[in-house]
1. I'd like to check something: does segment B:149-156 contain any residue that is buried (at least 24 other Cβ atoms within 10 Å of the Cβ) and within 16 Å of ligand 1 (Cβ to nearest atom)?
2. Can you name the residue in segment B:80-95 that is within 8 Å of another protein chain (Cβ to nearest Cβ) and either within 12 Å of ligand 2 (Cβ to nearest atom) or among the small types (Gly, Ala, Ser) (or both) and, of all such residues, is surrounded by the most Cβ atoms within 10 Å (Cβ to Cβ)?
3. Is it the case that some residue within segment A:65-76 is hydroxyl-bearing (Ser, Thr, Tyr) and free of Cβ contacts under 8 Å to residues at least 24 places away in the same chain?
4. Only residues that are β-branched (Val, Ile, Thr) and at the interface with chain A (Cβ under 8 Å from one of its Cβ atoms): list them for segment B:100-125, please.
5. Pull up segment A:245-281, narrow it to residues that are touching an Asp or Glu at 6+ places or on another chain (Cβ under 7 Å) and at pLDDT 95 or above, then point me to the one that is nearest to ligand 2 (Cβ to nearest atom).
6. Is it true that A:Val522 is buried (at least 24 other Cβ atoms within 10 Å of the Cβ), among the β-branched types (Val, Ile, Thr) and assigned to a helix (DSSP H, G or I)?
7. Keeping to segment A:103-136, report how many residues are within 14 Å of chain B (Cβ to nearest Cβ) and part of a strand (DSSP E or B).
8. Only residues that are within 16 Å of ligand 2 (Cβ to nearest atom) and farther than 18 Å from B:Asp24 by Cβ: list them for segment B:43-58, please.
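The values are calculated or read from the model by the stated rules, or taken from the named source; none is laboratory data. Please read these numbers as outputs of a predicted model, since none were measured by experiment. All Cβ positions, glycine included, derive from the backbone under ideal geometry; neighbour counts span all protein chains shown.
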Amino acid sequence: MNIVGKNVLRADAAQKVTGTHEFAIDGKVPGMLWARIVRAPLGHARIVTADTAAARAVPGVVSVLTAADLPTPMPLYGSVIADQPLLAVGKCRYYGEPVAVVLADSDEAASLGVARTRIDYEELPAVVTVADALAADAPLVHDATTAPGSNVHKQYEYAWGDVEAAEPACHTIVENTYTFPMIHHFALEPFSVIAWPEAGGVQIKSPVQHPFLLRRVVAECLKLELSKVRVMATSIGGGFGSKGYAKYEPLAAYLAMRTGRPVKISTSLDDAFVTARRLSATVHMKTGFDRDGRILLQKVDADYLMGAYADAAPRITQKASYVSCGPYRIPNLKTVARAIYSNTTPSTAARGFGMPPLNFALETQMQMAAKSLGIDPVEIRLRNLVKRGEQLVPGDIPADGEWSEGLRRCADMIGWNDPLPPGTGRGISIGIKNPIPGSVSNALVKLHADNSLTVAVGTSEMGQGACTVLAQIASEELGIPMDRITMIMGDTAAVPFDVATAGSRSTVTMGNAVQSACKDVVRQLEEMAKELGLIAPGEKLQINGGMMSDRQNSLSFNDIFTRYFSKTQGEVVGRGLYKGEVVAGHPLGGLSDFWEVIFIAVKAKVDPATGKVSILKMINVSDIGKAINPLHCKSQEEGGAMMGLGHALMEQMIYDQKGRLRNGSPLDYRIPTTMDVPWEMDSSLVENQDGAGPFGAKGIGESGAITAGAAIAAAVSDATGVFFKDLPITSERVWAALSAEKV
Amino acid sequence: MTADTFDITFTLNGLRKSIAVRTDAMLAEVLRENLGLLGTKVSCNEGECGACTVLIDGRTANSCIVLALEVDGCAVTTIEGVAVGGVLHPIQESFIEEGAVHCGYCTPGMILSTKALLDHNPDPTTGEVRKALEGNLCRCTGYNRILKAVSRAAEKLRPTPGAGE
Ligand code: FES
Ligand code: FES
């Protein structure tokens, strides 16, 4: 292969290192109004009065709108269910909820207008934890959820085998409750959107991961046809799920259509904390093992705490709990997962899509079982890991890799059997996840007369490198050099449909679509060559590096092109489609395209005097099928793993009983810095060309975040002898646990 | 709100600039809004993330919390001033080569912090590199490749032995 498998440098990097890369926040449109949002100061409160006179008097302020100024019923939006109002009506349900919006000729005037808007509230009891939400007399976040009279939005159940019947055969039962905190994505680029009215519809520029999903949600909310909504996804300055689903776009679109002017909603990084978060969860897990450490049963109760509105949270709960078996052979399983409303920041997709809490629980269970059965932690995993071709979740695709290879390599790379100095420990864990089942990606490629190529895809570039990797696939297929390929991404009026830039799916699903679009181009060129009599009918053709050859002739694609059209006109348009397998009645709608599997090993040192955990070494090994771009694969996984490190050791959103977020700013909410990078960090890719994507690729990108936390927790318990069941494992928690041990 | 303005003269990426700024305007805002230099990124706007890092007289500063009038008489370098004549600086090249650029939002600030470090300390230890970049948050890369990029840049910038200096 010429270009696939090479560390091609990122196509957008030169712009990014020179500061010339444009982000939505940099954008301005002539005649634009600036919008700033007035936010609720409490988690749950009745909105009593709104006094906007002083705000309207600010020079430059054009209008101040509350729910009373918007249509009744209030337009609602949401991708799973439309339950989120453009502005809070009657009561606010979370701290930071938009209650009013100020439109002005300048950002300063809009901000001043926000400061001058007075809204009076009557506090209501707030629900901020799973226990609050499930209490018998719990205040209800919504009057009518799917389970009226309860905060439980939905419950999902999966079961196979017979858990109860299997219990007597177990030698060891490990049963624990784990908690995983609320976590913020912390993308550096703040949310920012510009919308403007256009020909009876609306155009939206936003750093959004799923432009077509946004188009649908805005169209539904504002009762427009899909064709009347154009979404242009701008390059994303960090998303991690936070920019997947509609956030401020429906409001911006509404305001643009209402005022007839372009409207830009800008927010701050602090605002992001009250815009999106990861689901927190309480996971109760019971795992039964035989004497040799083989899992006989597992029972899981996972309570996922959503925020005040559904966003993607029900789907996350449903989808993550579907793989509660992890990568292991579990003959008897019963999982019940609940998606529960609370008066907190709406929870949405986040790298790993609900897997991290389950993974932390399951991998810690494995760790405990290994210890109590006296089996090495690598060995106990090897005994339970499904083999290639073996069923994992009944009815879904079997294991598409020999995963023991990655586990062994990971253990080798960390020096699993090397002696450990006192105060240090080692841990290993396995992360697994499925992409979006039954999903659709379309792609369009256009071959031009000068042998350059345009590739049009709905994938968004969010730093993951899709613009480079998808171009590499096209380059390989058509033999066109990278610098002659232009990517058009994420503009719903210019590119064909794609469901989402999420779930580590783009290289596989969009990659397949791009590849098949390129093959479509080749097929058309072949027909042209035949029509021109350049190749004999029925001849077997060699296609390679932009050349088509039969036994006599060798023709370049461009040769065929220019002879068929001319040097000045024509275009070969290739269409590509990937459609995942849809299965009627399947709980997720269809089968997994592949399994995303990662192995992480960690060596950690714990200072007993302070409880501080230092990560000495971290190894990531991914079962990736084929790396289209190995450097970017590794750096993606490292990024994910460092995010997981943050989740494991320091990150958590803290609410008070009034539902107020107490640490919603970068000053108070710590994410890893350079000082937290493991002293040694290395990555490796298992490549057996066994994935469903182009050239045997599988997806990558989320998995580091799924299991880094579990590996770190395992290393800390190895070092201290204490198992931590609540994340984050802060110094205080470690210190307290070690001190308690001593007493 | 009307605030008084103040005339400042400073060197911006090697060129003298005179401009009237609001007394309460921050440097980041002046660079982005008044001077159209959008390469300086703003994220937290409260001095916590380093996205807005610029160099003032060769030292790093979070331009979102520096009053514009404070740079009167100073030399300011922004990301626009790092590549000279369209040729990437070795630090910029190294960031690209090591895969240290993902979404790119932190990148301008990272590069300026790296420049300040290497200008003063051409041969930093790993610990010194970590310390120098501690104030620049990156959520994408996990920093590992950024640390490698800084080492690579230091190597590129080191005078070749015998080349004299
Ligand atoms: S934007 Fe200036 S430090 Fe964050
Ligand atoms: S590359 Fe995205 S924040 Fe650093």
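1. no
2. B:Phe95
3. So far as segment A:65-76 goes, yes, one or more of its residues are hydroxyl-bearing (Ser, Thr, Tyr) and free of Cβ contacts under 8 Å to residues at least 24 places away in the same chain.
4. The answer is B:Val101, B:Thr107, B:Ile111.
5. A:Tyr245
6. Values: buried (at least 24 other Cβ atoms within 10 Å of the Cβ): no; among the β-branched types (Val, Ile, Thr): yes; assigned to a helix (DSSP H, G or I): yes.
The answer is no for A:Val522.
7. Quick first cut of segment A:103-136, residues within 14 Å of chain B (Cβ to nearest Cβ) only: A:104-116.
Next, only the ones that are part of a strand (DSSP E or B) stay: A:104.
Of the residues in that region, 1 qualify.
8. B:Ser43, B:Cys44, B:Glu48, B:Cys49, B:Gly50, B:Ala51, B:Thr53
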